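So the structure is just underneath, and the comments pick up after that.
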Amino acid sequence: MSAALYDAIIIGAGPAGASAALFLHRRGLNVALLDQAKFPRDKVCGEFISPAADAILEDLGVLADLEKLNPTRLKGVAVSAYEKNQIFIDYPDHPQTGSVMTSLSIPRVALDNLLAEKVRASGIKFLENHRVQKFLFDGDRIVGVKGLGGKKSPFENFEYKARAVIDAGGRNGISLRQLNLKIQNGRGKKIALAAHWEGIRRPMDYCHMHISRPGYTGMSRVDGNRANVVLVVDGDLVKGRNTREFYLDAVLKNSLRREALDGATLAEDPRAIESLAFAAKPVPCDGLVMVGDVMGFLDPFTGEGIYLALRSAQLASGVIAEALQGEGAFNLVHNREYERQRENEFRDKFALSKALQFLIYKPALCNWVVGVLAKNPDMAQRLVGVIGDYVPARDVTSANFLLEFLWKAIFPRTRAPLAEGMNQAKMENKKPVG
């Protein structure tokens, strides 16, 4: 069987894979995008897209089309801690442009299908119903993929070769399985249960994060009177239980969630994502790059996966396009450069995520922190700007932020000397615009 040759083969047509295909095609590369599903297809997701993703979606040429679908625009994040303290935090304006920032809430099936349609319209080779089963090797180098697929059953074997293979297959990507790259988080396996509710009557223009036992929820309106409610708990709590009954009991046990969902009904059985948090070992061979969730999956309290997928694909595409100039091929040197860029981009955000994961499971500490933030909206806005991926994470992971937070917690009616000095320095260094 002869194998068709491409500059790049991309496995998985979710946000990471589809955006990588579009970015590389724009750079003049011959790209094939493969997915085991037939589009449109749905996928379990929080259906929340952070404010920083707008710029990438616009760069991809899909933001205007997405806006035509009339997605929900959220103006901030609401956080409650164990049914005591609750705070509503608007996104701060963009620190460079001054633009008003909002996040998107849209059904995942609509987003993925929009990206798939953009891929088709671009003339990219888009192979649906194609399940990649193995990598093709030439020595220690990955040079393609093989699997089973076609337009209709019975499917046929296929082989495709490329100068670069991009695994955008998500949490179950073939790189993790065939190359044994997954590092599972050993601190208890979390599970996410997601379902839509219909008949939402109360305003819901924030992404609502309710923290309480047995776990926390993320809630946002996705279209019309429908909301997506994702519950994250320890996986052991669900074992042996009826999933629907457990989900309903856990969600409605919280009084603030009951209030938000008053009059609404569960529209479907909850769907599960297991083993939420994991990391991945570095790619060990030439010819392969990983983008999106396959590189590691964050517990979704701050790990907004769609932005991470889009941005990692954007970074990888730039490195790949440079590597494939002329007769070049993608190798480990190029891959390390991509991993370096990704590490610089997300290192501080990942550190914040780990800190918040520790915090939310300590009720007294969590209530105290939320209470302090409620009295200090400037600090709260900086935090949600970081969660929204457009304020640098180091702004809240630095020692300066921690000292400022502690000062305001202990001396609530005074201004932190460090913060005063920082603001003065900013004024002295501020350059006129225009």
- Task: Mind giving me the FRET efficiency for R258 and L237? R0 is 22 Å, r the Cβ-Cβ distance, nearest 0.05 is fine.
- Result: 0.65
- Query: Around S212, what is the net charge, scoring Lys/Arg as +1 and Asp/Glu as -1 over all other residues with Cβ under 11 Å from its Cβ?
  - Reply: +3
- Query: With point charges of +1 on the Cβ of Lys and Arg and -1 on the Cβ of Asp and Glu, referenced to the Cα centre of the range 85-129, which listed residue (A110, Y91, I124) lies farthest in the positive direction of the dipole?
  - Reply: I124
- Against the longest alpha carbon principal axis of the chain, how many degrees, from 0 to 90 and to the nearest 10, is the axis of helix 363-375 turned? 70 degrees
- Message: Can you show me the helix-derived [θ] at 222 nm for the chain, built from DSSP H runs with n ≥ 4 at -39,500 (n - 2.57) apiece and divided by the number of residues, rounded to the nearest 500.
- Response: -11500 deg cm²/dmol
- Paramagnetic reach from N180 (point 7 Å along Cα→Cβ, amide N under 20 Å) across the range 141-155: 141-142
- Cβ charges +1 (Lys, Arg) and -1 (Asp, Glu), total dipole of the range 32-186, debye: 740 debye
- When Lys and Arg each count +1 and Asp and Glu each count -1, what net charge do the other residues less than 14 Å away from N30, Cβ to Cβ, add up to? +3
- Item | Where a label projected 7 Å from the Cα of A64 along Cα→Cβ would reach, residues of the range 77-112 with amide N under 12 Å | none
- Expressed in nm to one decimal, what extension gain is obtained for the pair K75 and D249 from 0.36 nm per residue of sequence separation less their Cα-Cα distance? 59.7 nm
- Item | Efficiency of FRET from Cβ geometry, S99 and N400, R₀ 22 Å, rounded to 0.05 | 0.30
- Query: How much of the accessible area of the chain, in percent, comes from carbon and sulfur atoms when a 1.4 Å probe is used?
  - Reply: 51 percent
- Accessible area expressed per residue, the range 299-349, with surrounding protein chains retained (probe 1.4 Å, Å²): 39 Å²
- Listed highest first by mean packing, meaning other Cβ atoms within 10 Å per residue, what order do 96-102, 49-55, 218-224 come in? 49-55, 218-224, 96-102
- If you count the DSSP beta bridges with both ends in the chain, what percent of them are antiparallel, to the nearest 5? 70 percent
- Taking Cα atoms only, helix 15-26 is inclined relative to the longest principal axis of the chain by an angle, in degrees rounded to 10, of 60 degrees
- Task: Find the accessible area per residue for the range 99-185; the probe is 1.4 Å, ligands and nucleic acids are left out, and the unit is Å².
- Result: 47 Å²
- Message: Only four residue types carry charge here, +1 at the Cβ of Lys and Arg and -1 at the Cβ of Asp and Glu. Report the dipole size of the range 124-164 about the Cα centre in Debye, rounded to the nearest 20.
- Response: 120 debye
- Query: Where Lys and Arg each count +1 and Asp and Glu each count -1, what net charge lies around I142 among other residues with Cβ under 11 Å from its Cβ?
  - Reply: 0
- Query: If you place +1 on the Cβ of every Lys and Arg and -1 on the Cβ of every Asp and Glu, how big does the dipole about the Cα centre of the chain come out, in debye to the nearest 20?
  - Reply: 700 debye
- May I ask for the angle, rounded to the nearest 10°, between helix 305-323 and the longest principal axis of the chain, with both axes built from Cα atoms and the value confined to 0 to 90°? 40 degrees
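The values are calculated or read from the model by the stated rules, or taken from the named source; none is laboratory data. It should be emphasised that the depicted structure is a prediction, and the values quoted were computed from it without experimental measurement. Positions of Cβ are backbone-derived with ideal geometry, glycine not excepted, and every protein chain shown enters the neighbour counts. When the accessible area is computed, the model is the full protein with side chains, heavy atoms only, and any ligands, DNA or RNA have been set aside. Shrake-Rupley method; radii C 1.70, N 1.55, O 1.52, S 1.80 Å.
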